[in-house]
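Student: A single structure is presented below for examination.
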Amino acid sequence: MAEVKLINVCKVYEGNVLAVDKVNIDVKDREFVVLVGPSGCGKSTTLRMIAGLEDISSGELYIDGKLVNDVPPKDRDIAMVFQNYALYPHMTVYENMAFGLKIRKFPKEEIDQRVKEAAKILDIEELLDRKPKALSGGQRQRVAVGRAIVRKPKVFLFDEPLSNLDAKLRVQMRAEISGLHNKLKATMIYVTHDQVEALTMADKIVVMKLGVIQQIGAPLELYNEPRNKFVAGFIGSPPMNFMEVKIEKKADGLYVNEGSFDIMLPEAISKALAPYAGQNVTMGIRPEDVTFSAKPVAGKTIDGTVSVVEPLGSETHVFINTGKNQFVGKIEPSVTVVVDGKISLIPNMAKAKFFDLKTELAIR
Ligand code: ADP
């Protein structure tokens, strides 16, 4: 069992910098929780407070039901993997992995057994005699993870562990860490600024901005039901398109008017937006929620001029200027589009999101 609970945790750095503001997180036993958000949002500070590397200014931190605010890092039974791996350059891989156990005075045989077992799990048995400088980035990362595994901690903490790897290796290591989580059945808390890592690895994602949690939920929950404009824009790539639109009531129903287009809302959405009739709101449409239309259709299409075309093989991203807004759409690669040409896209309005202009909270 290893649960981690943060209750109203705050961090105020010297100079009155409020880095983490009343954070509440419940990490269940064996859960993989990812803290994600842009640089400076307080995710590393939160992780470092769990590790005991930063003092908690106020609030409570429990590991397995025990209040650990004042428990030193070495007694918290956690292991942390850092972005820069923090390997000892003068030690071999074996010695690097054994070091933490050695200083905790584990018997030699047990150290040997644990190091070999971890090396097997990580497929680095051939590298045990090498020094870090003779390893690739991915191998170093595995050694850093190995050093955490040998400790058999209650909780694994990862601070942007894949940031220093190239794109291809990142994808591979992502899958390896997920696999490791399944194999070890351990509680893991993972910090990243990369929403793709969050979506692909997490059981539960915590989205942060300016020290404040914006939303906590399963990956698809955040994608399908973002609580506010920030989460909607942060999760998904390319990001959701936002446009200020006016909600207009006409004889046959509610419409959104962007200035360059006027689209009727399906009935299911109309109910939630009826109170906004006559007012402006922010509409969000994901690039993937459009289909190509051979010609403009009044009341149905978003029309504009193509400014950029990005053919990715499996799909094409088109950047469109509606005259009022920039809009990105994902379309079939078989459709021919040319820069400066006209294009029309039919948004799937059943999937459109709407946000209050001032509070930025989701209306639906
Ligand atoms: P993230 O990991 O999301 O990039 P951090 O947790 O590192 O964010 O930082 C959160 C905020 O706290 C930032 O505004 C950062 O400048 C500030 N901060 C981080 N470390 C310190 C420090 N040692 N002293 C003062 N401010 C800090």
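Student: Give me the net charge for the shell around Leu357: Cβ to Cβ below 11 angstrom, other residues only, Lys and Arg +1, Asp and Glu -1.
Tutor: Computed value for this residue: 0.
Student: Find the relative contact order for the range 147-290 and round it to a whole percent, using C-alpha pairs within less than 8 Å whose residues are 6+ positions apart.
Tutor: For the range 147-290, the relative contact order is 15 percent.
Student: Per Stokes-Einstein, at 4 °C and 1.567 mPa s, what whole-number D in µm² s⁻¹ belongs to the chain, with the Kirkwood radius over Cα pairs as the hydrodynamic radius?
Tutor: 56 µm²/s
Student: Can you tell me the 0 to 90 degree angle between the C-alpha axis of helix 108-122 and the longest principal axis of the chain, rounded to 10?
Tutor: The helix 108-122 is inclined about 20 degrees to the chain.
Student: Quick one: accessible area per residue over the chain, 1.4 Å probe, rounded to a whole number of Å²?
Tutor: 48 Å²
Student: As an exercise, use a Förster radius of 25 Å and the Cβ-Cβ distance of Lys168 and His90 to find the FRET efficiency, rounded to the nearest 0.05.
Tutor: 0.25
Student: Per DSSP helix of 4 or more residues, -39500 (n - 2.57); summed, then divided by the residues of the chain. What does that give at 222 nm, rounded to the nearest 500?
Tutor: -7500 deg cm²/dmol
Student: Please go through the range 155-241 and write out the trypsin sites (Lys or Arg not before Pro) that DSSP classes as loop and that have at most 15 other C-beta atoms within 10 Å.
Tutor: Qualifying residues, ordered by number: Lys185.
Student: What are the lysines whose alpha-carbon lies under 17 Å from the alpha-carbon of Lys353, with same-chain residues fewer than 8 places away excluded?
Tutor: Lys229, Lys246, Lys271, Lys300
Student: Now a separate question. Go through the range 74-167 and name the trypsin sites (Lys or Arg not before Pro) that are in a DSSP coil and have 10 or fewer other Cβ atoms within 10 Å of their Cβ.
Tutor: Qualifying residues, ordered by number: Arg104, Lys105.
Student: Another question about this same structure. Quote the relative contact order of the chain in percent (integer), defining contacts as alpha-carbon pairs under 8 Å separated by 6+ residues.
Tutor: It comes to 15 percent, rounded to a whole number.
Student: With angles folded into 0 to 90 degrees, how steeply does helix 137-149 sit against the dominant principal axis of the chain? Use alpha carbons for both and round to 10.
Tutor: So the helix axis and the longest Cα principal axis differ by about 60 degrees.
Student: Which of the listed residues, Ile302, Val9, Leu87, is farthest toward the dipole's positive end in the chain, when Lys, Arg count +1 and Asp, Glu count -1 at the beta-carbon?
Tutor: Positive-end residue among those listed: Leu87.
Student: Size of the dipole of the chain about the Cα centre, Lys and Arg at +1 and Asp and Glu at -1 on the beta carbon, nothing else charged, in debye to 20?
Tutor: Computed about the Cα centre, the dipole is about 520 debye.
Student: Test of understanding: what is the full-extension gain from Asn280 to Asp340, defined as 0.36 nm times their sequence separation minus their Cα-Cα distance?
Tutor: Gain in length upon complete extension: 18.6 nm.
Student: Normalised by the residues of the range 152-199, what does the relative contact order come to in percent, with Cα pairs under 8 Å and at least six apart?
Tutor: 55 percent
Student: Each residue of the range 93-105 in turn: what ³J(HN,Hα) in whole Hz from Karplus with 6.51, -1.76, 1.60 and θ = phi - 60°, glycine and Pro shown as x?
Tutor: Karplus values, whole Hz, x for Gly and Pro: 4, 4, 5, 4, 6, 7, 3, x, 6, 4, 5, 8, 6.
Student: Restricting to DSSP loop positions (anything but H, G, I, E, B) with no more than 16 other Cβ atoms inside 10 Å of their own Cβ, which chymotrypsin sites (Phe, Trp or Tyr not before Pro) remain in the range 39-85?
Tutor: In loop regions of the range 39-85 (DSSP not H, G, I, E or B), the sparsely surrounded chymotrypsin sites (Phe, Trp or Tyr not before Pro) are Phe82.
The values are calculated or read from the model by the stated rules, or taken from the named source; none is laboratory data. The structure displayed is predicted, hence computed values, not measured ones. All Cβ positions, even for glycine, are placed from backbone atoms using ideal geometry, and neighbour counts span all protein chains on display. For the accessible areas, the whole protein counts, side chains as well, though only heavy atoms, and no ligand, DNA or RNA atoms are used. Shrake-Rupley method; radii C 1.70, N 1.55, O 1.52, S 1.80 Å.
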